[in-house]
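Asks: Sharing a structure, written as structure tokens. Questions coming.
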Amino acid sequence: MSSTTPDLPGGTWTLGDTTVSRFGYGGMQLAGPWVVGPPKDHDAALAVLRHAVESGITHIDTAETYGPRVVNDLIREALHPYAKDLFIATKAGGRRDAQGGWPSARKPDELRAQIDDNLETLGVDVLDLVHLRLGDANGPVPEQISEAFETLVDLQQQGIIRHLGVSNATAEQVQQTQSIAPIVSVQNMYNLANRWDDALIDRLASEGIAYIPFFPLGGFTPLQSDALSAVATRLRVAPMSVALAWLLHRSPNILLIPGTSSAAHLRENIIGAALTLSDADLQELDQITV
Ligand SMILES: NC(=O)c1ccc[n+]([C@@H]2O[C@H](COP(=O)([O-])OP(=O)(O)OC[C@H]3O[C@@H](n4cnc5c(N)ncnc54)[C@H](OP(=O)(O)O)[C@@H]3O)[C@@H](O)[C@H]2O)c1
């Protein structure tokens, strides 16, 4: 499938050796409820992915754990053979259990098996970007990470991973990975109401490393705040538009991967992210805290 390249809000960013649209797409919402099993409407899920690429999105975020396998399978079915400029980022470091939980799985053998599964399900010989997924469902955990990261570095040296990143990590863990090998991105939870990574974002920006917020719209709990509603009402747009436009404005190294299972929402989000925010809007939005 080939992609067109219309201008998307935010322009582009270079991830390692590849220029991608800053407005990307996160595939997690394509699986069934709580990211388990197939989507309710298989064809609609394929249509969302095709619409993303036709809209000019060249960065798609996924993980073998979404489904599990379901989202990678959908990406392959919808988009393979991939357009040359399509960059697919995936993850390793966790698995799914029978209850739908997300236990960590970061022993060398477990990581190697996850990389093999990603290669197989996505139908590629080389993965563009693998984020080492750390911590747990409650967020980053200050734990030892060197052995796990070194395993991915080894796989990168074998030529089956092009770029490395880290996810759900503390600022110290990010630094630790950087002392082992270069990373191109950090993928942590961050949005208008959850801004504990502000200092990390600024440091990464100064080093040319992307920061990719997950849950940019609040994830399973949509962002809600009086200040956000007030700005959205004044500008006559949806709060989601304000939240996405604010992230693009926050720092040039922020790449968006909002998730949606709906092509209509994807269109709304692309249009909404192009919103211009005034200094007064930004000041008001800066008041938001959890
Ligand atoms: N590294 C990690 O540990 C990690 C963790 C979580 C997620 N991620 C990645 O980050 C991506 C983004 O996170 P996310 O998808 O969980 O959360 P999100 O982007 O913050 O929010 C997605 C939710 O917002 C809804 N939504 C999107 N656009 C909308 C619109 N215009 N109007 C109304 N509702 C709208 C979606 O529902 P509809 O489907 O109905 O549109 C969905 O419920 C994921 O897809 C995944 O790739 C990574």
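Bear in mind that the values in this text are calculations on the coordinates, not laboratory data. What you see is a predicted model; the values in this text were computed from it and never measured. Because the Cβ atoms are built from the backbone with ideal geometry, glycine has one as well, and the counts that use them run over all protein chains shown.
Asks: Across 5 Å bins from the origin, how do the percents of Cα pairs in region 140-215 run, short distances first?
Replies: Per 5 Å bin, starting at 0, the Cα pair percentages come out as 3, 15, 28, 24, 17, 8, 3, 1, 0.
Asks: If you build a Gaussian network model of the chain, linking Cα atoms that sit under 10 Å apart, which residue out of 124, 166, 174 swings the most?
Replies: Greatest mean-square fluctuation among the candidates belongs to 124.
Asks: Here's a follow-up. Please compute the Cα-Cα pair-distance distribution of region 147-290 with 5 Å bins starting at 0, giving whole percents from short to long.
Replies: Histogram of Cα-Cα distances, whole percents per bin: 2, 9, 18, 19, 17, 13, 9, 6, 3, 2, 0.
Asks: Now a separate question. Using the alpha carbon gyration tensor of region 15-160, what are the three equivalent-ellipsoid semi-axes (square root of 5 times each eigenvalue), largest first, in whole Å?
Replies: With the √(5λ) rule applied to region 15-160, the semi-axes are 24, 19, 13 Å.
Asks: On to the next question. I want the local charge near residue 285. Using Cβ-Cβ distances under 13 Å, sum +1 for each Lys or Arg and -1 for each Asp or Glu among the other residues.
Replies: -2
Asks: Which residue, 273, 92, 205, has the most motion in a Gaussian network model of the chain that connects Cα atoms within less than 10 Å?
Replies: Between 273, 92, 205, it is 205 that shows the largest mean-square fluctuation.
Asks: How high is the relative contact order of region 163-274, given as a whole-number percent (alpha carbon pairs under 8 Å, six or more residues apart)?
Replies: Working: 150 pairs, mean separation 26.8, N = 112.
With pairs under 8 Å counted, the relative contact order is 24 percent.
Asks: If you don't mind, there's one more thing I want to ask. Got the relative contact order for the chain handy, in percent, Cα pairs under 8 Å and 6 or more residues apart?
Replies: Averaging sequence separation for qualifying contacts and normalising by length gives 18 percent for the chain.
Asks: Hey, another quick one. Can you pull out the GluC sites (Glu not before Pro) in region 110-181 whose DSSP state is coil and whose Cβ has at most 16 other Cβ atoms within 10 Å?
Replies: 143
Asks: Using modelled backbone amide H atoms (1.01 Å from N, in-plane), which distant-in-sequence or interchain residues come within less than 5 Å of residue 254's amide H?
Replies: Amide H neighbours of residue 254, under 5 Å, 5+ apart: 211.
Asks: Would you compute the Debye intensity of the chain from its alpha-carbon atoms alone, equal scatterers and no solvent, and pass along log10 I(q)/I(0) at q = 0.10 Å⁻¹ to two decimals?
Replies: Log-scaled intensity ratios, in q order: -0.49.
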